[in-house]
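For reference, the structure discussed in these notes is given below.
The values are calculated or read from the model by the stated rules, or taken from the named source; none is laboratory data. These figures come from a predicted structure and were not determined experimentally. Note: ideal-geometry Cβ built from the backbone for every residue, glycine included; neighbour counts use all protein chains shown. The accessibility values were calculated without ligands, DNA or RNA, using every heavy atom of the protein model including side chains. Shrake-Rupley method; radii C 1.70, N 1.55, O 1.52, S 1.80 Å.
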Amino acid sequence: MSTGQASCSSGSSAASSSDPPAQLQAVNSHRQRGKSRGVPSRSRRMPQEQYAHRSTMQTSEGPQVYKVGIYGWRKRCLYFFVLLLMILILVNLAMTIWILKVMNFTIDGMGNLRITDKGLKLEGDSEFLKPLYAKEIRSRPGNPLYFQSARNVTVNILNEKTKVLTRLVTGPQAVEAHSQKFEVKTLSGKLLFSADDNEVVVGAERLRVLGAEGTVFPKSIETPNVRADPFKELRLESPTRALVMEAPKGIEINAEAGSLKATCRTELRLESKDGEITLNSAKIKLPNLPQGSSSSAGSRQKIYELCVCPNGRLFLSQAGASSTCQINTSVCL
């Protein structure tokens, strides 16, 4: 016990010599409070010895330093990944700038495409690889609008259910229009041409056919007037069937500056059911009428009498002092 107390006292003296004056005052005040309270001397020495031991430990050891961070191969890998990320960022930035430069990106649009208040504006030739949906397509004022395709150009009009109502197809061989009704009008709104399932209407004042072979109508045609161009011939022909002209109020055939010719292979009939047939001309020629047998007298005069058979057949009979039609009735058989 004596050795322990000696060591403690020596330690306390060393600590007291090294402590600042504030600590000495605190120890002295603690001793005085112990004496006044009547605490035993052994118990009064214990706090002093512990405090002195702690202060001695702190002064002898000093502050401890701990190293914080990444070292070795981990540090090198981290630097490598950071460097690789910076290279990728620089390459990406360079590619973005190159694309912006090549595509000519600006605030107003991209390349020949400009964004305006009224929509999109394309300058120069444009190529669309997929369908184009637009409300209105028009060219610049004073310039034409061209639609060009290697195969065909198709314009579709759809309803709310995406069903095709009208289709216009311009192909390499034909132009097709699919709709319920097709109309062609002038700027003033006058109808020029109209076609639907029931009829085809030509509203122009004159329909001209410039083909060398004319026009072929598989069925009937209804028109108030059929005429040829000036100094041209008008020919109505039916090579294999019949040609019928009907009108409720009459048919007028007029050739003001030329002749009228009607040719058939078998029979040509002029028939009037309730009226009459009038041949009004200064000269009427029937050059190929059959002739009856001549009289025995053998008159040399070239005067003939026009005779009519009961069946309506006409023939010529050489004229005499009286009528010779009854003598040549053999022609009527």
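Some points to look at:
- R167, sole failed condition from (1) over 13 Å from the mean Cα position of the chain (by Cα); (2) surrounded by 10 or more Cβ atoms within 10 Å (Cβ to Cβ): (1)
- Each residue in the range 180-206 was checked for being under 18 Å from N225 (Cα atoms), assigned to a loop (DSSP other than H, G, I, E, B) and in contact (Cβ under 8 Å) with a residue 12 or more places away in the chain, and 2 of them qualify.
- Within the range 226-246, the residues that satisfy the criterion of being open to solvent by 90 Å² or more (accessible area, probe 1.4 Å) and not charged (D, E, K, R) are P230, F231, L234, L236, P239, T240, L243, V244, M245.
- Of all residues in the range 308-321, those satisfying the criterion of being more than 12 Å from L286 (Cα to Cα) and touching a residue at least 24 places away in the same chain (Cβ under 8 Å) are S317, Q318, G320.
- For the range 53-99, a tally of residues being modelled with pLDDT under 85 and open to solvent by less than 100 Å² (accessible area, probe 1.4 Å) returns 8.
- Residues that are of a type in the set (S, T, Y) and either open to solvent by less than 90 Å² (accessible area, probe 1.4 Å) or in contact with a Cys (Cβ under 6 Å, 6 or more places away or on another chain) (or both) were ranked within the range 207-225; the one that is nearest to S272 (Cα to Cα) is T223.
- Of the numbered criteria (1) within 30 Å of E183 (Cβ to Cβ); (2) surrounded by 10 or more Cβ atoms within 10 Å (Cβ to Cβ), the one I253 fails is (1).
- Assessment of the range 77-93 against the conditions (of a type outside the set (G, A, S), over 16 Å from the mean Cα position of the chain (by Cα) and part of a loop (DSSP other than H, G, I, E, B)) yields no matching residue.
- Subset of the range 258-308 [open to solvent by less than 70 Å² (accessible area, probe 1.4 Å), in contact with a Leu (Cβ under 9 Å, 6 or more places away or on another chain), assigned to a loop (DSSP other than H, G, I, E, B) and modelled with pLDDT of 80 or more]: L289, P290
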